[in-house]
Amino acid sequence: MNKTIIVTGGAGFIGANFVLAWVKQGLGKVVNLDKLTYAGNLENLLEIEHNPQHFFVHGDIGDQALLAELLAEHKPYAIVNFAAESHVDRSIHGPEDFIQTNVVGTFHLLEAVRAYWTSLSEAHRKQFRFLHVSTDEVYGSLGKNDAAFTENHTYAPNSPYSASKAASDHLVRAYHHTYGLPTLTTNCSNNYGPHHFPEKLIPLVIHNALSELPLPIYGTGHQIRDWLYVEDHCAAIRRVLEAGNVGEVYNIGGWNEKPNIEVVKTLCRILDIKKPRADGKSYADQIAFVEDRLGHDQRYAIDATKIAKELGWKPKETFESGIEKTVSWYLEHQDWVANVTSGDYRHWVAKNYAERGEEMA
Ligand code: NAD
Ligand code: DAU
């Protein structure tokens, strides 16, 4: 066994940030398995296109034969599983892909990895890790005064997306408990930063603001999310991989709870300074309250005490520093935005917002 890892979903938002950092830091070879769905984008990996430490494979985590080949050929000491359908609104419109990839796909991945792990020498079996990247949404929704989610919080997923992620977490847990597979699970709060696909709140608002389109806020905008800069999430995953206790779960979060309306107003304020509107008005004038998300979770908040105490991880960025960097990245990467918002993206946006009473074309 060598220093190779297999990353799944490494052409998506968080996966690409993880792979870029891993390769740039010289931490070893990465075999990057990605299906390249609408959310997967090889442009995210241009910086390491010719780096011999990055080996991209176009494929599905549900393809057990392909996985068996990759495992036998590359002999990784770890798998980091990012691959998933990740957008709550899409899961409401069409849950099937979420069940296929997040549940059935994770099952096939676990089966292939179990067969490989069983074939290893005892020393290599001990060293091996399967790290499953999950979400705080599996814990359901918090009331205003409830304590933040700890690792012992009851699972109560509310959307088809979070239910499919919860199912995958349970499979990972079962493969550890039943077969002894050395798993680690991380449950993280909302990420933001470079390469975030503009169907999600923060990049969508930046893109719409600059495109003179409405900034759609679901319902009252008082729902709360707990925001973490993506590079901090990636650092936390590296730390869990390095030092986490096998079979355990680690919650990851930035202690940054914000109502959606505040996030959007902050983005408008930063854009007003960095890229003022031609008419001198504020981007906040573009805010539009639209019909709410079905079953919209009111509040998420992560208690990240365990990972801080046991593994010494804490975020580097505050929300203020992270959001500033993020807006700058989008202003400097308008070509990237133009490429990902052409084609199919337009169909999704038209469908999702037309039924909320907003024209987004
Ligand atoms: P994303 O949608 O940007 O990227 C997902 C990637 O997975 C894409 O590159 C896509 O092509 C790939 N993929 C999808 N189905 C696949 C399959 N069957 N086989 C191989 N590859 C496949 O998602 P993201 O926001 O980067 O999230 C990554 C992971 O982190 C997900 O598991 C998600 O549940 C979890 N997560 C996300 C957040 C967040 O705020 N974005 C927070 C916590 C946890
Ligand atoms: O909490 C972690 C989760 O965060 C991840 O598991 C998911 O993969 C990720 O997509 C994200 O889910 P959310 O549903 O919280 O993210 P989204 O950016 O879609 O929405 C954030 C909040 O903003 C949510 O309360 C809905 C609201 N919203 C979203 C969109 C797209 C709006 O008000 N208007 C919008 O147009």
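The values are calculated or read from the model by the stated rules, or taken from the named source; none is laboratory data. Model, not experiment: these values are computed from the prediction. In this analysis, Cβ positions are derived from the backbone assuming ideal geometry, glycine residues included, and neighbour counts consider all displayed protein chains. For accessibility, only protein heavy atoms count, side chains too; no ligands or nucleic acids. Shrake-Rupley method; radii C 1.70, N 1.55, O 1.52, S 1.80 Å.
The residue that is nearest to residue 304 (Cα to Cα), counting only those in the range 257-288 that are of a type in the set (A, V, I, L, M) and more than 22 Å from the chain's Cα centre (by Cα), is 270. Looking only at residues that are farther than 23 Å from residue 297 by Cβ and in contact (Cβ under 8 Å) with a residue 24 or more places away in the chain in the range 123-158, which one is most open to solvent (accessible area, probe 1.4 Å)? Among those residues, the one meeting the criterion is 126. Residues considered: 86, 91. Of these, the only one that is modelled with pLDDT of 95 or more, in a helix (DSSP H, G or I) and within 12 Å of ligand 1 (Cβ to nearest atom) is 91.
Residue-wise test of (1) of a type in the set (Gly, Ala, Ser); (2) open to solvent by less than 20 Å² (accessible area, probe 1.4 Å); (3) in contact with a helix residue (DSSP H, G or I) (Cβ under 9 Å, 6 or more places away or on another chain).
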| position | (1), (2), (3) |
| --- | --- |
| 203 | no, yes, yes |
| 209 | yes, yes, yes |
| 215 | no, yes, yes |
| 220 | no, no, yes |
| 227 | no, yes, yes |
| 236 | yes, yes, yes |
| 241 | no, yes, no |
| 246 | no, no, yes |
| 253 | yes, yes, yes |
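Report yes if residue 11 is of a type in the set (A, V, I, L, M, F, W, C), out of contact with any helix residue (DSSP H, G or I) (no Cβ under 8 Å at 6 or more places or on another chain) and either outside any loop (DSSP other than H, G, I, E, B) or within 16 Å of ligand 2 (Cβ to nearest atom) (or both), otherwise no. Judged against the criteria, residue 11 is not a match.
Of the residues that make up the range 32-40, is at least one more than 7 Å from ligand 1 (Cβ to nearest atom), closer than 17 Å to residue 129 by Cα and out of contact with any Cys (no Cβ under 8 Å at 6 or more places or on another chain)? Yes. Of the residues making up the range 159-188, just one is open to solvent by 10 Å² or more (accessible area, probe 1.4 Å), within 19 Å of residue 91 (Cα to Cα) and of a type in the set (S, T, N, Q), namely 159.
If you filter the range 40-65 down to residues that are hydrophobic (A, V, I, L, M, F, W, C) and without any contact (Cβ under 8 Å) to a residue 12 or more places away in the chain, you find that the one that is most open to solvent (accessible area, probe 1.4 Å) is 46.
Among the candidates 354, 288, 301, 278, the residue that is open to solvent by 40 Å² or more (accessible area, probe 1.4 Å), among the aliphatic types (A, V, I, L, M) and either touching a residue at least 24 places away in the same chain (Cβ under 8 Å) or more than 16 Å from ligand 2 (Cβ to nearest atom) (or both) is uniquely 278. Residue pairs whose Cβ atoms lie under 8 Å apart, sitting 6 or more positions apart in sequence or on different chains, and linking a residue in the range 79-97 that is under 16 Å from residue 184 (Cα atoms) to a partner that is within 12 Å of ligand 1 (Cβ to nearest atom) and open to solvent by 50 Å² or more (accessible area, probe 1.4 Å), are 83/35.
Taking the range 267-298 only, how many residues are touching a Lys or Arg at 6+ places or on another chain (Cβ under 7 Å) and of a type in the set (Lys, Arg)?
At the first step, the residues of the range 267-298 found to be touching a Lys or Arg at 6+ places or on another chain (Cβ under 7 Å) are 283-284, 290-291.
Filter again for of a type in the set (Lys, Arg), leaving none.
Of the residues in the range 267-298, 0 are touching a Lys or Arg at 6+ places or on another chain (Cβ under 7 Å) and of a type in the set (Lys, Arg).
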